[in-house]
Amino acid sequence: MSLLLLPTNLQQCPSPSTFPSPSSTLLSPSPPSTVFSVVVPRRRCLRLVSSCVSTVPTSVSNGSAPASVVVVEREQIRLGLPSKGRMAADAIDLLKDCQLFVKQVNPRQYVAQIPQLPNTEVWFQRPKDIVRKLLSGDLDLGIVGLDTLSEYGQENEDLIIVHEALNFGDCHLSIAIPNYGIFENINSLKELAQMPQWSEERPLRLATGFTYLGPKFMKENGIKHVTFSTADGALEAAPAMGIADAILDLVSSGTTLKENNLKEIEGGVVLESQAALVASRRALTERKGALNTVHEILERLEAHLKADGQFTVVANMRGNSAEEVAERVLSQPSLSGLQGPTISPVYCTKDGKVSVDYYAIVICVPKKALYDSVKQLRAVGGSGVLVSPLTYIFDEDTPRWGQLLRNLGI
Ligand SMILES: Nc1ncnc2c1ncn2[C@@H]1O[C@H](COP(=O)(O)OP(=O)(O)OP(=O)(O)O)[C@@H](O)[C@H]1O
Ligand SMILES: O=P(O)(O)OC[C@H]1O[C@H](OP(=O)(O)OP(=O)(O)O)[C@H](O)[C@@H]1O
Ligand SMILES: [Mg+2]
């Protein structure tokens, strides 16, 4: 690709330090306060960059990691949470479900405490700024979408994904094209790329807020004749406005695409995303207490998230011994529980004597498999089936903790 993205408003041009090396084809992370960007040929862009440099008197840091970040000493571990937008409430709710209560007195207050983690401060920031501040060392941990992490983290090795599936903020980053006109019969990225309309003089115009991932994806897919423009929201309007031919944006329910006469195409998904817990490698290795804090948060998250997908099922079953009942239960595919069923005798008195005719079976079953499990329990003689939600499953240790330690070389 021979083209660059550049902010139209040169007064808001980022400082020289935020521009990539001359060999790079992109300006990303997006410059601050850019309302809209245009595509300009590389030659012209370099001229604009130099004029920009000469008119910006002071240096502005956007939080991206300098080559050597010194871990500044401070007492508190800092956890970044989304300050607003669709992830903000869900992040706080998830922590609440893990018995970590974020005490934010006022929604406009950007710092808060979690009494259960006395050495930890919560800082509310925009998701992209959480990533930037993890890189600059101003935050140690953060909860953001994997999309934001990839876009603003740009595979920086200092960023470690501690938990990649926090079960909210599900969406995917996908190319969408109009479902009318010249695109009516185009249904895949390959077909889009092969359309005779695109040439060096008239490339495919793609509008996206993902100015790092978008060009990277197109390059990886060998699509040459493409230019990019960017906006901060409502991108789905761009094709109908004549600003772009296609868009690259987040999709969740697909309603926004549908309402704007756009469709996704096969091979056009850049990434799947959901909320993740992310940490700064430097913080975990160098900041006192950071590793303990992340261990505790991870344990609580894993225990809650694992339990969240399961029900506890209790049933009674007539039988001669616990082993005989176990054999019947284990003959069914959905009844083996986490490690195996817990089977205990149900004592009753008959003619003044204590006897055991029934056994109580306790198993955990995935929520999705509940009805199948009930049917299988009945099929082997189960009755009085009680189902209740599970709150936590604490395993001996969390697999992700082991992974994290290996990743850190500990
Ligand atoms: N439609 C969606 N459904 C589910 N999750 C989404 C959806 N759109 C975005 N997200 C997730 O929520 C994150 C935050 O999106 P949000 O719109 O709140 O903020 P933003 O657009 O990144 O920032 P801002 O609007 O403040 O510039 C995204 O990075 C993504 O992970
Ligand atoms: O598939 P859907 O469920 O319709 O969701 C997709 C929309 O959600 C996001 O926008 P958001 O609502 O965050 O608004 P924004 O453009 O201001 O970020 C995304 O940018 C899409 O426009
Ligand atoms: Mg948004």
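The values are calculated or read from the model by the stated rules, or taken from the named source; none is laboratory data. The structure presented is a predicted model; accordingly, all values stated were derived computationally and were not measured. Ideal geometry is used to build each Cβ from the backbone, glycine not excepted, and the neighbour counts take in all protein chains shown.
Summary table
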{"item": "Any hit, the range 257-280, residues being within 14 Å of I175 (Cβ to Cβ), within 13 Å of ligand 2 (Cβ to nearest atom), at pLDDT 95 or above and part of a helix (DSSP H, G or I)", "result": "yes"}
{"item": "All positions within the range 322-359 that are within 19 Å of Q310 (Cα to Cα) and of a type outside the set (V, I, T)", "result": "L330, Q332, P333, S334, L335, S336, G337, L338, Q339, G340, P341"}
{"item": "Which numbered condition A246 fails, given (1) in contact (Cβ under 8 Å) with a residue 12 or more places away in the chain; (2) away from ligand 2 (no atom under 16 Å from the Cβ); (3) small (G, A, S)", "result": "(2)"}
{"item": "Subset of the range 331-347 (residues that are surrounded by fewer than 15 Cβ atoms within 10 Å (Cβ to Cβ) and either of a type in the set (F, W, Y) or free of Cβ contacts under 8 Å to residues at least 24 places away in the same chain (or both))", "result": "Q339, G340, S344, Y347"}
{"item": "Residue list for the range 158-179, filter: crowded, with 19+ Cβ neighbours inside 10 Å and of a type in the set (S, T, N, Q)", "result": "S174"}
{"item": "Test result for H304, in contact with a Cys (Cβ under 9 Å, 6 or more places away or on another chain) and either in a helix (DSSP H, G or I) or under 30 Å from G142 (Cβ atoms) (or both)", "result": "yes"}
{"item": "Selection from the range 231-242 of residues that are out of contact with any Phe, Trp or Tyr (no Cβ under 7 Å at 6 or more places or on another chain) and either of a type in the set (D, E, K, R) or within 16 Å of ligand 1 (Cβ to nearest atom) (or both)", "result": "D232, G233, A234, L235, E236, A237, A238"}
{"item": "Test for T148: is it buried (at least 21 other Cβ atoms within 10 Å of the Cβ) and closer than 30 Å to T227 by Cα", "result": "yes"}
{"item": "K306 vs. criteria at pLDDT below 95 and within 30 Å of L117 (Cα to Cα)", "result": "yes"}
{"item": "Selected residue [surrounded by 15 or more Cβ atoms within 10 Å (Cβ to Cβ) and within 16 Å of ligand 1 (Cβ to nearest atom)] from D245, D249", "result": "D249"}
{"item": "The range 150-173, residues that are in contact with a Lys or Arg (Cβ under 8 Å, 6 or more places away or on another chain) and in a loop (DSSP other than H, G, I, E, B)", "result": "E157, D158, G169"}
{"item": "Single unsatisfied condition, A279 versus (1) over 21 Å from L204 (Cα atoms); (2) in contact with a Phe, Trp or Tyr (Cβ under 7 Å, 6 or more places away or on another chain); (3) away from ligand 1 (no atom under 11 Å from the Cβ)", "result": "(2)"}
{"item": "From A315, A240, A322, residue being over 30 Å from Q76 (Cβ atoms), touching a strand residue (DSSP E or B) at 6+ places or on another chain (Cβ under 7 Å) and surrounded by fewer than 20 Cβ atoms within 10 Å (Cβ to Cβ)", "result": "A322"}
{"item": "Those residues of the range 70-111 which are free of Cβ contacts under 8 Å to residues at least 24 places away in the same chain, surrounded by fewer than 17 Cβ atoms within 10 Å (Cβ to Cβ) and among the hydrophobic types (A, V, I, L, M, F, W, C), in sequence order", "result": "A89, F101, V105, V111"}
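Rundown of residues vs (1) touching a residue at least 60 places away in the same chain (Cβ under 8 Å); (2) surrounded by 11 or more Cβ atoms within 10 Å (Cβ to Cβ); (3) more than 34 Å from the chain's Cα centre (by Cα), yes/no style:
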| site | (1), (2), (3) |
| --- | --- |
| T349 | no, no, yes |
| A360 | no, yes, yes |
| V365 | no, yes, no |
| L370 | no, yes, no |
| K375 | no, yes, yes |
| L386 | yes, yes, yes |
